[in-house]
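Okay, structure first, notes after.
The values are calculated or read from the model by the stated rules, or taken from the named source; none is laboratory data. None of the values given here were measured: they were computed from a predicted structure. Counting neighbours? That spans all protein chains shown, and the Cβs are built from the backbone with ideal geometry, glycine included.
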Amino acid sequence: MKATSPHGRSELLRPDGSPVRVLVVDDESALADLLSMALRYEGWEVRTAGNGAEALRITRELRPDAVLLDIMLPDMDGLTLLGRVRNELPEVPVLFLTAKDAVEDRIAGLTAGGDDYVTKPFSLEEVVARLRGLLRRSGAAAARSESLLTVGDLVLDEDSHEVSRAGQEIHLTATEFELLRYLMRNPRRVLSKAQILDRVWSYDFGGQANVVELYISYLRRKIDAGRSPMIHTRRGAGYLIKPGE
C-alpha cells in the first residue's frame, strides 16, 4: 500500500520523512490564518508570526523549510527581517507577499535575497504552487514517489489516473477524476460547492453550483452503484467522501 498524508494527499516531505515546516509572517491575523489553513491542507506543519521579533523566535525554534513573509510588518520591515532570518538559516527559501502596485518593494525584496514574491490579492493555489516550487528547487523537500489515494476500498492513482473500488476498475472522465481526487484528498471533510468549483473548475462556471451537483451524480453512478455509498451530501453544507459502511 502506498502512503498518503493524514488528509489523504500525497505531499512534499523533508529528507527525514517528516512534514515540511513553513513559517507564515503577516500582521493581518485573518490572512495569516487563511494561509495557514491552506498550507496545512497540504500536510505541512505551519506556524504563524504577527511581527518580526516573533518571527525570529519561531525561526530559531521551528527551523522552517520555507518562510512566507509580508514585506510590511509593524516592528520592522520585511527586508530587515529577511536578513536576520538568513543569519539563522542561510539557505531557507523566502516567498514575499507584496502590495499589488508596490513594484519597488518586489524589486527590493528580490535584490535583498528573497526567492520569489506574490502580489496581494492572490489566490491560495498560487501561494501553494510557488512554495512547492521553492521547496523543490532548494532541496529542502522532495515529492513522494507514491501516488495512491485510498479511502476504504476505493483507490485512486494520481500518476496513472486509474481508479478502482474493491479491485474493480472504474472509468472516469478527466473532470470526474479531478472531482474524485479532491474529495479523496479530504476524506470525511465536508467540501462546499464553492470550494469544489474553485478547486475543480477554477470558477470557470461563474458560480453555477448546479454543475457540482451534476458531476456528483455522475460519480455516484460509477463509484456507489450497487455498493455501500461513499459519497454523501450534507444539506446546506456540501459533500464528503468516507468509507462505505
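Would you confirm, using the coordinates I've provided, whether residue 80 is touching a strand residue (DSSP E or B) at 6+ places or on another chain (Cβ under 8 Å), outside any loop (DSSP other than H, G, I, E, B) and either farther than 17 Å from residue 135 by Cα or modelled with pLDDT under 75 (or both)?
Criteria not met by residue 80.
Can you name the residue in the range 65-84 that is acidic (Asp, Glu) and touching a residue at least 40 places away in the same chain (Cβ under 8 Å) and is also nearest to residue 28 (Cα to Cα) among such residues?
First, pick out the residues of the range 65-84 that are acidic (Asp, Glu): 65, 70, 75, 77.
Now narrow it down to the ones that are touching a residue at least 40 places away in the same chain (Cβ under 8 Å): 65, 70.
Working: 65: 22, 70: 9 Å.
So the residue we want is 70.
Note down all Cβ pairs under 7 Å where the first residue falls in the range 23-42 and is more than 19 Å from residue 78 (Cα to Cα), the second is surrounded by 19 or more Cβ atoms within 10 Å (Cβ to Cβ) and acidic (Asp, Glu), and they're at least six residues apart or on different chains.
Qualifying pairs under 7 Å: 42/11.
Six or more apart or on different chains, Cβ under 7 Å: which pairs go from a residue in the range 94-105 that's more than 19 Å from residue 67 (Cβ to Cβ) to one that's modelled with pLDDT of 55 or more and surrounded by fewer than 16 Cβ atoms within 10 Å (Cβ to Cβ)? Could you list them?
Listed by first residue and then by second, the contacts come to 100/120.
Does residue 112 fit the bill of being in contact with a helix residue (DSSP H, G or I) (Cβ under 7 Å, 6 or more places away or on another chain), modelled with pLDDT under 80 and at negative phi?
So residue 112 passes the test.
Yes or no, residue by residue, for (1) surrounded by 14 or more Cβ atoms within 10 Å (Cβ to Cβ); (2) in a loop (DSSP other than H, G, I, E, B):
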{"site": "160", "(1), (2)": "no, yes"}
{"site": "164", "(1), (2)": "no, no"}
{"site": "169", "(1), (2)": "no, no"}
{"site": "181", "(1), (2)": "yes, no"}
{"site": "187", "(1), (2)": "yes, yes"}
{"site": "199", "(1), (2)": "yes, no"}
{"site": "215", "(1), (2)": "yes, no"}
{"site": "221", "(1), (2)": "no, no"}
